[in-house]
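Participant: Here it is: the structure, laid out below.
The values are calculated or read from the model by the stated rules, or taken from the named source; none is laboratory data. Since the structure is predicted, the reported quantities are computational estimates derived from the model, not experimental observations. Neighbour counts run over all protein chains shown; Cβ positions are idealised from the backbone, glycine included.
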Amino acid sequence: MKKTAFLLIIFLLIPGMALAEKKIGILEVQRILESSEPGKQALGQLTLRFEEMRADLDRKRAEVESLRRELQKQSMVLSQEAQQDMEAELRQKMQQFQQKYQSYQMSMQQKEQEVSDPIIEVIFDVVDEYAKENGFDMILDAHGSGIIYARDALNITDELIQKVNQAWEARN
């Protein structure tokens, strides 16, 4: 019964939708974030920060691995107490590494949000203005909306990248 009612509503709405021509655009927000000037600047900041964190984590991982190898080498010659001490030290270093990793991960997510929020705000302002100026009824994000196919002519990403660059330059 519900299925029949649903189909009836769809069939009643289709003629109305067909009569009213809608102008729809597709954009790729992720590509705008990666290709626009503010996006490239943000990515540069994040890359520098990430490299510093990665280098620190690599040092910590090397310490853990070195201690693990040392423990394996000496396990036969160490006293039980000395072996337990080394195992405790290894567990402590592994725990410190995991805590540092989680801390860096949260820090990177926070930093990414911090640098991308102003850019996303500009993107939305530009999209809103562009849609109004060009008579769009709807603009969808190609990746977030589940769109499987759209004509290339509907994709306005390249135009919006230029407009985002201009708007960003005007703001800064």
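Participant: So which pairs qualify, if the first residue must be in region 146-159 and under 16 Å from K23 (Cα atoms) and part of a strand (DSSP E or B), the second must be at pLDDT 80 or above and not aromatic (F, W, Y), the Cβ gap must be under 8 Å, and the two must be at least 6 apart or on different chains?
Facilitator: So the pair list comes out as N155/G25; N155/I26; N155/L27; N155/E28; N155/A142.
Participant: Here's another thing I want to ask about it. Name every residue in region 74-108 that is within 13 Å of R61 (Cβ to Cβ) and of a type in the set (D, E, K, R), in order of residue number.
Facilitator: K93, K100
Participant: Six or more apart or on different chains, Cβ under 8 Å: which pairs go from a residue in region 54-74 that's touching a residue at least 40 places away in the same chain (Cβ under 8 Å) and within 17 Å of Q99 (Cβ to Cβ) to one that's surrounded by 13 or more Cβ atoms within 10 Å (Cβ to Cβ) and not hydrophobic (A, V, I, L, M, F, W, C)? Could you list them?
Facilitator: Pairs that qualify, where the first residue is touching a residue at least 40 places away in the same chain (Cβ under 8 Å) and within 17 Å of Q99 (Cβ to Cβ) and the partner is surrounded by 13 or more Cβ atoms within 10 Å (Cβ to Cβ) and not hydrophobic (A, V, I, L, M, F, W, C), are D56/K100; D56/Y104; L57/K100; L57/Y101; L57/Y104; K60/K93; K60/Q96; K60/K100.
Participant: Find all pairs meeting these conditions: Cβ atoms under 8 angstrom apart; at least six residues apart or on different chains; first residue within region 93-116 and in contact (Cβ under 8 Å) with a residue 12 or more places away in the chain and farther than 16 Å from L48 by Cβ; second residue in a helix (DSSP H, G or I) and among the basic types (K, R).
Facilitator: Close Cβ pairs satisfying both conditions: K93/K60; Q96/K60; F97/K60; F97/R61; K100/K60.
Participant: Which count do you get for residues in region 60-86 that are in a helix (DSSP H, G or I) and either over 38 Å from the mean Cα position of the chain (by Cα) or closer than 22 Å to Q45 by Cα (or both)?
Facilitator: Of region 60-86, the ones in a helix (DSSP H, G or I) are 60-74, 80-86.
Add one more test, that the residue is either over 38 Å from the mean Cα position of the chain (by Cα) or closer than 22 Å to Q45 by Cα (or both), and what stays is 70-74, 80-86.
Total satisfying the criteria: 12.
Participant: Looking at (1) more than 24 Å from E37 (Cβ to Cβ); (2) without any contact (Cβ under 8 Å) to a residue 24 or more places away in the chain, find the lone condition where M138 falls short.
Facilitator: So the condition that M138 fails would be (2).
Participant: For region 39-51, enumerate the residues that are among the charged types (D, E, K, R), within 26 Å of K93 (Cα to Cα) and either at pLDDT 90 or above or not in a helix (DSSP H, G or I) (or both).
Facilitator: Across region 39-51, the qualifying residue is only E51.
Participant: Would you please name the residue that is modelled with the lowest pLDDT, looking only at residues in region 87-115 that are of a type in the set (A, V, I, L, M) and under 12 Å from V64 (Cβ atoms)? Give the derivation first.
Facilitator: Looking only at region 87-115, we keep the residues that are of a type in the set (A, V, I, L, M), and these are 88, 90, 94, 106, 108, 115.
Add one more test, that the residue is under 12 Å from V64 (Cβ atoms), and what stays is 90, 94.
On the way: L90: 90, M94: 93.
Looking at the filtered set, the residue picked out is L90.
Each row is one residue, and each column tells you yes or no for (1) β-branched (V, I, T); (2) touching a residue at least 24 places away in the same chain (Cβ under 8 Å); (3) touching a strand residue (DSSP E or B) at 6+ places or on another chain (Cβ under 9 Å); (4) surrounded by 10 or more Cβ atoms within 10 Å (Cβ to Cβ).
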| site | (1), (2), (3), (4) |
| --- | --- |
| E28 | no, yes, yes, yes |
| K40 | no, no, no, yes |
| E52 | no, no, no, yes |
| M76 | no, no, no, no |
| E81 | no, no, no, no |
